[in-house]
Amino acid sequence: MFEGILNVDVAVAGLLIMFAVVVAGLGFAYIADEEAKGRRIDWLEEPLATAEKPRHVEVVQLRKAA
């Protein structure tokens, strides 16, 4: 009874996975081609979470209490 529906679901899922693999491959090929030409892709260079720039910390020497 559900054999036909199951086959269609598997076929659609496989098609979507293959489509995602093809799109990812094209994206990676584009990036590799641009890097081979010497161009930089700016959004790939900057990490998403950047750390703060280190601050200059002043060294304070503590004196003993009287």
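For segment 33-49, which residues satisfy the criterion of being in a helix (DSSP H, G or I) and either loosely packed, with under 10 Cβ neighbours inside 10 Å or at pLDDT 95 or above (or both)?
Just the residues of segment 33-49 that are in a helix (DSSP H, G or I), to begin with: 33-36, 42-45.
Scanning segment 33-49 gives Ala36, Asp42, Trp43, Glu45.
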- Of the numbered conditions (1) part of a helix (DSSP H, G or I); (2) modelled with pLDDT under 90, Val21 satisfies every one except a single condition; which is it? (2)
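The values are calculated or read from the model by the stated rules, or taken from the named source; none is laboratory data. Note that this is a predicted model, so its numbers are computed, not measured. Counting neighbours? That spans all protein chains shown, and the Cβs are built from the backbone with ideal geometry, glycine included.
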